[in-house]
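Here the structure comes first, spelled out in structure tokens, and everything after it is commentary.
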Amino acid sequence: MSASVIDFVATEARFGAHNYEPIGVVLSRGEGVWVWDTEDNRYLDCLSAYSAVSQGHCHPKILAAMVEQAHRLTLTSRAFHNDQLAPFYEEIAALTGSHKVLPMNSGAEAVESAVKSVRKWGYEVKGVPDGQAEIIVCANNFHGRTLGIVGFSTDPETRTHFGPFAPGFRIVPFGDAAALEAAITPNTVAFLVEPIQGEAGVIIPPSGYFTEVRELCTANNVMLVLDEIQTGLGRTGKLLAEQHEEIEADVTLLGKALSGGFYPVSAVLSNTDVLGTLRPGQHGSTFGGNPLACAVARAAMRVLIEEGMIENAARQGARFLDGLRDIRANTIREVRGRGLMLAVELHPKAGRARRYCEALQGKGILAKDTHEHTIRIAPPLVITTDQVDWALERFAAILTQDFS
Ligand SMILES: *Cc1c(COP(=O)(O)O)cnc(C)c1O
């Protein structure tokens, strides 16, 4: 690392809370699938800010929409109407087939908002006794970092010394419909689940799981809440990951790529029942639904469709997955993925995934380890065939080395 890079890293370490352990690269510029560091070294971004930059870095049309809107009006609060919110509602509802929309900012806020809404629905529509609502979640879930959410995490790192936590959550294994069925009680209001567990290491449930989940939720009047904050908006090769399962959630959560990485924008989408229980004054956000966020999200959704990014994710994802599976290396335990949400799980004896990510950096690829032994691969959805092949050559070169 050069002197200036060491400076940036040291200053961050000196002043910042040490809640991240970044790879040693200081980025200063991005375009499409590429990012550049302060020394002008170029890297293929295989993380896409955890899938928030699906449309590619600094997409010119989203940028133009953002700049144009920033010149006109940025924030009104919801005390007044603004002329971007209504078209945002119309467009996101038409795109996803939803009836109601609640705009928020971060993903965690969307999850919290969904938890509040399904509880209220439980009391006011389903008839659960006040204070008794139960929400079922999955082991190894990741839904964000707020107190309400980390309270139902099963990851000790995420929870330890942040309690006491709110009651009202039950945990079942992911991918096990019988366990869900056994956990449902008359007070169960919702099942909150990721279609594919992203942070857990791109864990794809057994086929047929979500069909059973949908049936159980319907039979027991339990709202199925799909957290599509990471899987949504084309990442898995379909607009929503639920489409692979041919089911429809009652509540869908979007975030991350909803703004193409320009701005925090999230949304709760629901049938009328769940969000219909919220009345003025019962929930809100100063920034939620602001005109700048709406203009950015509208452009981010538009380019996703107009530029065929979802189809491209399916096509390039299949090529990437096949290419990774063709790499003959005894460091690899399993390769999995759907669309451009991919992971290489290493053999425990191959050493920490972090070492491989650092080696990939040396080859011009930025990827991030998750859970010690897994390398997650999620490039922007605009990646081309040549770029996939370029990346595969480098993954092959690194994965056939042994960093144990
Ligand atoms: C990233 C993520 C969140 C949290 O989003 P933030 O914007 O970081 O609060 C929630 N759920 C899933 C599945 C995620 O991947």
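Worth pointing out:
- V53 being of a type outside the set (D, E, K, R), out of contact with any helix residue (DSSP H, G or I) (no Cβ under 7 Å at 6 or more places or on another chain), assigned to a loop (DSSP other than H, G, I, E, B) and closer than 22 Å to A343 by Cα: yes
- Members of segment 184-198 found to be out of contact with any helix residue (DSSP H, G or I) (no Cβ under 6 Å at 6 or more places or on another chain), within 16 Å of the ligand (Cβ to nearest atom) and of a type in the set (A, V, I, L, M), listed by number: L192, V193, I196
- Count of residues meeting criterion [touching a residue at least 12 places away in the same chain (Cβ under 8 Å) and farther than 29 Å from Q387 by Cα] in segment 6-42: 2
Results for (1) surrounded by fewer than 18 Cβ atoms within 10 Å (Cβ to Cβ); (2) closer than 30 Å to Q69 by Cβ; (3) under 22 Å from the mean Cα position of the chain (by Cα), shown as yes or no for each residue.
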residue: M301; (1), (2), (3): no, yes, yes
residue: N312; (1), (2), (3): no, yes, yes
residue: T331; (1), (2), (3): no, no, no
residue: R354; (1), (2), (3): yes, no, yes
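- Pick from segment 170-183, criterion touching a helix residue (DSSP H, G or I) at 6+ places or on another chain (Cβ under 9 Å), outside any loop (DSSP other than H, G, I, E, B) and in contact (Cβ under 8 Å) with a residue 12 or more places away in the chain, ranking: nearest to A219 (Cα to Cα): E181
- All helices (runs of 4 or more DSSP H) inside segment 303-404 with 1 or more residues being touching a Gly at 6+ places or on another chain (Cβ under 6 Å): 309-326, 385-399
- Summed over segment 302-322, the residues that are of a type outside the set (D, E) and farther than 27 Å from R336 by Cα give a count of 2.
- Total residues in segment 207-246, condition within 15 Å of the ligand (Cβ to nearest atom) and either in the same structural domain as S48 (by TED's automatic domain parsing) or on the phi > 0 side of the Ramachandran plot (or both): 2
- I247 being buried (at least 24 other Cβ atoms within 10 Å of the Cβ) and assigned to a loop (DSSP other than H, G, I, E, B): no
- Test: residue in segment 249-261 that is away from the ligand (no atom under 16 Å from the Cβ), closer than 17 Å to S98 by Cβ and touching a helix residue (DSSP H, G or I) at 6+ places or on another chain (Cβ under 9 Å): yes
- Residue identified as touching a residue at least 40 places away in the same chain (Cβ under 8 Å) and farther than 22 Å from L47 by Cα among S270, S259: S270
- Hits in segment 314-329 (condition: under 23 Å from the mean Cα position of the chain (by Cα) and either over 13 Å from V388 (Cα atoms) or not hydrophobic (A, V, I, L, M, F, W, C) (or both)): R315, Q316, G317, R319
- Helices (runs of 4 or more DSSP H) fully within segment 63-164 that include at least 2 residues being under 25 Å from V213 (Cα atoms): 85-96, 107-121, 147-150.
- Every test in (1) within 22 Å of G198 (Cβ to Cβ); (2) surrounded by fewer than 21 Cβ atoms within 10 Å (Cβ to Cβ); (3) modelled with pLDDT of 95 or more is passed by Q316 save one, and that test is (2).
- Scan of segment 1-35 for residues that are in contact with a Leu (Cβ under 7 Å, 6 or more places away or on another chain) and either exposed (fewer than 13 other Cβ atoms within 10 Å of the Cβ) or not in a loop (DSSP other than H, G, I, E, B) (or both), ordered by number: W34, V35
- Scan segment 264-288 for residues that are at pLDDT below 95 and either within 16 Å of the ligand (Cβ to nearest atom) or polar (S, T, N, Q) (or both) and the total you get is 2.
The values are calculated or read from the model by the stated rules, or taken from the named source; none is laboratory data. Note that the coordinates shown come from a computational prediction; the quantities given were computed from them, not determined experimentally. All Cβ positions, glycine included, derive from the backbone under ideal geometry; neighbour counts span all protein chains shown.
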